[in-house]
Amino acid sequence: MALMTSMREKMHVVLWILLALFLLSMTVGGLVGGANIVDQLLGNTNPQTTIASINGEIISPDQFNNLVNQQLASLRNTSQNINDFQINQARNRAWNNLLQDVLVSQEVTRLGLSASNEEVMFHLENQPPPFLQQNPTFQTENKFDINKYLQALTNPEGNEWAPIEEFMKKTYIPNFKLQKILDEGIIITEEDILNEFKLRNIDYTLTALHITSTLIPKENSEIDDDEIQLEYNNTKSINYKHDELRSLSYVSWKKEPSMQDTLDSKNLAQSLFNRAKKNEDFTTLANQYSMDPGNQNTKGGDLGWFKKGRMVKPFEEAAFNAKTGEIIAPVLSRFGYHIIAVRDQRTNKDGEKEILASHILIKIDVSPTTLSDLKRDATLFSYDAQDNGFKSAIVEHNLKVSTHEKLNQSDLSIDGLGNIRSAIRYAFNNKVNSISPILENEQYFAICSLDSIIKEGIKPLEEVKTQIQTKLKTKKVKMALRDEANKLLLNISSGENKLDDLIGSKKGLDGIIKESGRLAQGFKSIGKSNYVAGALYNASLGQILGPLETNQGFTILQVHEISKFDSSAFVAQKEQIKDNIFSKRQNQYFQSWIEDLKNNAEIIDNRKYYF
């Protein structure tokens with residue numbers, strides 16, 4: 001009875017959260033992921049009523065905002081302060097999850113996947129889904145308790161299982177069947193398992209010469225302007241396109257505490273110090289007034305024991321120079337004003353002095369009055385800018401103007417202002433020389449003027465020259481290193497040089513001599529390399545291998561010892577290795593499949609009209 005009462009009480013909070021989280025836990029591949037979204041308005045949809053259309057399925061603004069609010073609620077449950085950046089992240093996660101869930105649902109419908117009542121009961125009784133196994137209601141000592149679960153399942157007190165059964169029938173089991181269909185394309189051979197076992201378990205003793213970029217003289221890797229121009233001409237239509245860009249100017253008013261705000265905080269701190277000195281209970285004062293997030297209005301400002309180096313310098317100096325029982329007058333740090341009560345002192349086992357203290361933190365925050373004053377200044381500027389022009393108003397109000405060149409429509413931030421998506425929306429929804437209303441984020445009020453519009457086209461060479469130069473230089477160095485590695489291999493094969501003697505003989509020739517390691521961990525100097533691993537799988541003792549590509553160049557290596565293949569260990573690990581390979585490929589296969597759905601979907605994304 002108590003179990004089901006508890007379950008019903010929690011159902012409105014826990015149930016729907018867990019049902020949503022199911023999509024994260026149903027399979028290792030998971031039915032969640034990223035998206036490559038068409039960022040243009042296609043077709044005839046009304047942005048006022050449709051924030052997105054996915055293969056004709058309409059998504060309303062309310063539907064999308066509910067998903068965003070769920071993301072934000074999860075953040076708030078972790079006691080995080082929500083800022084503009086996190087809001088944008090929440091919107092992106094909501095969009096990605098929404099897009100994927102809709103596409104998966106559409107595929108389920110297309111394939112005609114469904115579930116019967118009998119299948120629902122079979123799954124609930126024999127294969128409880130992860131979201132139920134993870135429900136604290138059905139756990140004992142943080143582990144799923146099958147007996148507790150079955151007792152609740154077979155002894156319902158009402159219709160508490162109805163929404164779960166509906167979810168199982170409409171979503172979970174059809175998606176489960178879809179995942180099984182996708183899994184049929186995953187093939188794992190005996191060789192796959194064997195190679196993975198070798199990767200983890202076989203020890204190789206190698207001597208390896210590592211040929212790195214420092215071997216190539218700087219003059220041999222220089223790129224001239226003709227090479228850059230040729231590469232630009234050959235690839236600009238593919239690699240260096242840009243969408244429509246916009247440039248703007250702006251003036252801003254920073255939301256920072258005024259002198260009066262600082263004085264008010266100092267006076268409050270002094271008042272609390274005076275009250276504490278008159279024997280008013282420090283714990284009560286801390287719980288009522290401290291702005292320290294760690295206090296949570298319950299800890300009485302307790303900081304516990306700490307030694308030097310743990311606190312900011314002004315706080316530390318005041319605390320360690322005080323006597324036990326002393327209450328210290330307000331101390332200013334970058335966090336604000338601290339009233340410190342030193343409760344005890346001791347010497348720890350390392351001979352270091354430690355302090356037991358409590359504090360009341362009074363932050364110096366911008367006040368509503370100051371914000372109102374700043375917004376009033378911005379409003380007066382706005383009136384003058386509308387009447388007399390943006391540039392004239394800047395001169396009249398003696399303000400500093402800033403600019404941001406070549407904004408993309410997908411940008412989130414403005415140089416000097418930080419994350420302020422409303423400014424980007426303004427820039428792409430208005431004409432040149434138009435003046436924005438007052439825009440704001442956590443740190444600033446701002447007013448913008450649109451300076452110019454650059455139509456979509458090709459980025460100029462000057463803008464991408466460094467990028468092309470780096471690309472060509474990397475390519476040239478790699479080719480030169482390959483040539484040097486091939487020459488060294490010929491010398492080693494002919495007996496002109498010994499592998500050991502070349503290691504460390506000059507800059508750019510590093511390596512290891514008879515060192516052991518496993519492919520999964522890689523080897524000193526050469527690191528991990530799929531080319532090295534592939535060559536060593538079937539290598540024989542004494543064999544010279546290479547040149548093999550590494551992350552930093554090429555390696556030539558010789559195999560001295562290979563540990564024996566342990567057939568017993570292979571048998572013991574085989575199933576686990578197979579499961580690990582399956583999980584990895586399942587995820588890769590699913591991501592490839594979902595990306596294909598996205599690339600072929602008809603998606604209208606109207607988010608730019610909202611955010």
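Exactly one of (1) in contact (Cβ under 8 Å) with a residue 12 or more places away in the chain; (2) aliphatic (A, V, I, L, M); (3) surrounded by fewer than 14 Cβ atoms within 10 Å (Cβ to Cβ) is unmet by VAL477. Its number?
Here VAL477 clears every test but (3).
Considering only the range 338-362, state which residues are open to solvent by 20 Å² or more (accessible area, probe 1.4 Å) and touching a residue at least 40 places away in the same chain (Cβ under 8 Å).
ARG346, ASN348, GLU352, LYS353, GLU354, LEU356
Evaluate the range 240-250: report whether one residue or more is open to solvent by less than 30 Å² (accessible area, probe 1.4 Å), over 30 Å from ILE468 (Cβ atoms) and of a type outside the set (Phe, Trp, Tyr).
Yes, there is a match, as at least one residue in the range 240-250 is open to solvent by less than 30 Å² (accessible area, probe 1.4 Å), over 30 Å from ILE468 (Cβ atoms) and of a type outside the set (Phe, Trp, Tyr).
I'd like to check something: does the range 480-491 contain any residue that is farther than 18 Å from GLY553 by Cα and open to solvent by less than 70 Å² (accessible area, probe 1.4 Å)?
Yes, that holds for at least one residue.
Pull out all pairs, ordered by first then second residue, where Cβ-Cβ is under 7 Å, the residues are six or more apart or on different chains, the first lies in the range 584-604 and is among the polar types (S, T, N, Q), and the second is assigned to a helix (DSSP H, G or I).
GLN586/ASP183
Going by the structure shown, is TYR232 modelled with pLDDT of 95 or more and more than 30 Å from LEU374 (Cβ to Cβ)? Show your work before the answer.
Details: modelled with pLDDT of 95 or more: yes; more than 30 Å from LEU374 (Cβ to Cβ): yes.
Yes; evaluated as a whole, the condition is true for this residue.
Give the residue that is nearest to ILE453 (Cα to Cα), with candidates limited to residues of the range 222-271 that are of a type in the set (Gly, Ala, Ser) and under 34 Å from the mean Cα position of the chain (by Cα). Even if it seems obvious, please write down each step before you answer.
Initially, the range 222-271 is screened for residues of a type in the set (Gly, Ala, Ser), giving 237, 247, 249, 252, 258, 265, 269, 271.
With under 34 Å from the mean Cα position of the chain (by Cα) added as a condition, the list becomes 237, 247, 249, 252.
Values: SER237: 21, SER247: 7, SER249: 13, SER252: 22 Å.
So the residue we want is SER247.
Exactly one of (1) touching a strand residue (DSSP E or B) at 6+ places or on another chain (Cβ under 6 Å); (2) surrounded by 16 or more Cβ atoms within 10 Å (Cβ to Cβ); (3) in contact (Cβ under 8 Å) with a residue 24 or more places away in the chain is unmet by ALA318. Its number?
Checking ALA318 against (1) touching a strand residue (DSSP E or B) at 6+ places or on another chain (Cβ under 6 Å); (2) surrounded by 16 or more Cβ atoms within 10 Å (Cβ to Cβ); (3) in contact (Cβ under 8 Å) with a residue 24 or more places away in the chain, the one that fails is (3).
Select from the range 199-225 the residues that are assigned to a helix (DSSP H, G or I), out of contact with any Asp or Glu (no Cβ under 7 Å at 6 or more places or on another chain), open to solvent by less than 40 Å² (accessible area, probe 1.4 Å) and farther than 14 Å from ASN580 by Cβ and list them in ascending order.
Result: SER221, single match.
Listed residues ASN287, ASN279, ASN274, ASN267; which is part of a loop (DSSP other than H, G, I, E, B) and either open to solvent by 20 Å² or more (accessible area, probe 1.4 Å) or modelled with pLDDT of 95 or more (or both)?
Step by step, each of ASN287, ASN279, ASN274, ASN267 is checked, and only ASN279 is part of a loop (DSSP other than H, G, I, E, B) and either open to solvent by 20 Å² or more (accessible area, probe 1.4 Å) or modelled with pLDDT of 95 or more (or both).
Mind counting the residues in the range 188-198 that are more than 18 Å from ALA520 (Cβ to Cβ) and assigned to a helix (DSSP H, G or I)?
1
Being buried (at least 17 other Cβ atoms within 10 Å of the Cβ), among the basic types (Lys, Arg) and more than 30 Å from HIS560 (Cβ to Cβ) is the requirement here; does LYS169 meet it?
Spelling it out, LYS169 is indeed buried (at least 17 other Cβ atoms within 10 Å of the Cβ), among the basic types (Lys, Arg) and more than 30 Å from HIS560 (Cβ to Cβ).
Looking for something open to solvent by 90 Å² or more (accessible area, probe 1.4 Å) and part of a helix (DSSP H, G or I) - is there at least one such residue anywhere in the range 441-461?
no
Out of (1) farther than 30 Å from ILE594 by Cα; (2) touching a Leu at 6+ places or on another chain (Cβ under 9 Å); (3) hydroxyl-bearing (Ser, Thr, Tyr), the odd one out for TYR172 is which?
Only one criterion is unmet by TYR172, namely (1).
Looking at the structure I just gave you, is ASP510 acidic (Asp, Glu), in contact with a strand residue (DSSP E or B) (Cβ under 6 Å, 6 or more places away or on another chain) and crowded, with 16+ Cβ neighbours inside 10 Å?
Yes: the conditions hold for ASP510.
Is there any pair linking a residue in the range 195-223 that is small (Gly, Ala, Ser) to one that is open to solvent by 40 Å² or more (accessible area, probe 1.4 Å) and in a helix (DSSP H, G or I), with Cβ under 6 Å and at least six apart or on different chains, and which?
SER221/LYS473; SER221/LYS476
Given the conditions (1) hydroxyl-bearing (Ser, Thr, Tyr); (2) modelled with pLDDT of 95 or more; (3) not in a helix (DSSP H, G or I), which single one is not true for THR466?
Among (1) hydroxyl-bearing (Ser, Thr, Tyr); (2) modelled with pLDDT of 95 or more; (3) not in a helix (DSSP H, G or I), THR466 violates only (3).
Name the residue that is nearest to the chain's Cα centre (by Cα), counting only residues in the range 416-429 that are at pLDDT below 95 and in a loop (DSSP other than H, G, I, E, B).
So the residue we want is ILE420.
Which pairs have Cβ atoms under 6 Å, sit 6 or more apart or on different chains, and link a residue in the range 152-167 that is closer than 15 Å to PRO128 by Cα to one that is assigned to a loop (DSSP other than H, G, I, E, B) and open to solvent by 50 Å² or more (accessible area, probe 1.4 Å)?
none
Could you tell me whether any residue of the range 241-260 is part of a helix (DSSP H, G or I), at pLDDT below 95 and of a type in the set (A, V, I, L, M)?
Checked the range 241-260: no residue is part of a helix (DSSP H, G or I), at pLDDT below 95 and of a type in the set (A, V, I, L, M).
Here are ASP365, ASP292, ASP373, ASP377: which of them is in contact (Cβ under 8 Å) with a residue 24 or more places away in the chain, assigned to a loop (DSSP other than H, G, I, E, B), within 25 Å of THR262 (Cβ to Cβ) and open to solvent by less than 70 Å² (accessible area, probe 1.4 Å)? Step through it out loud before you land on a result.
Working: ASP365 fails: open to solvent by less than 70 Å² (accessible area, probe 1.4 Å); ASP373 fails: assigned to a loop (DSSP other than H, G, I, E, B); ASP377 fails: assigned to a loop (DSSP other than H, G, I, E, B).
Of the residues listed, the single one that is in contact (Cβ under 8 Å) with a residue 24 or more places away in the chain, assigned to a loop (DSSP other than H, G, I, E, B), within 25 Å of THR262 (Cβ to Cβ) and open to solvent by less than 70 Å² (accessible area, probe 1.4 Å) is ASP292.
The values are calculated or read from the model by the stated rules, or taken from the named source; none is laboratory data. Just so you know, these numbers come straight off a predicted model, no measurement behind them. Neighbour counts are summed over all protein chains in view; Cβ atoms, including those assigned to glycine, are modelled from backbone coordinates with ideal geometry. Quick note on the areas: whole protein, heavy atoms, side chains included, nothing else; ligands and nucleic acids left out. Shrake-Rupley method; radii C 1.70, N 1.55, O 1.52, S 1.80 Å.
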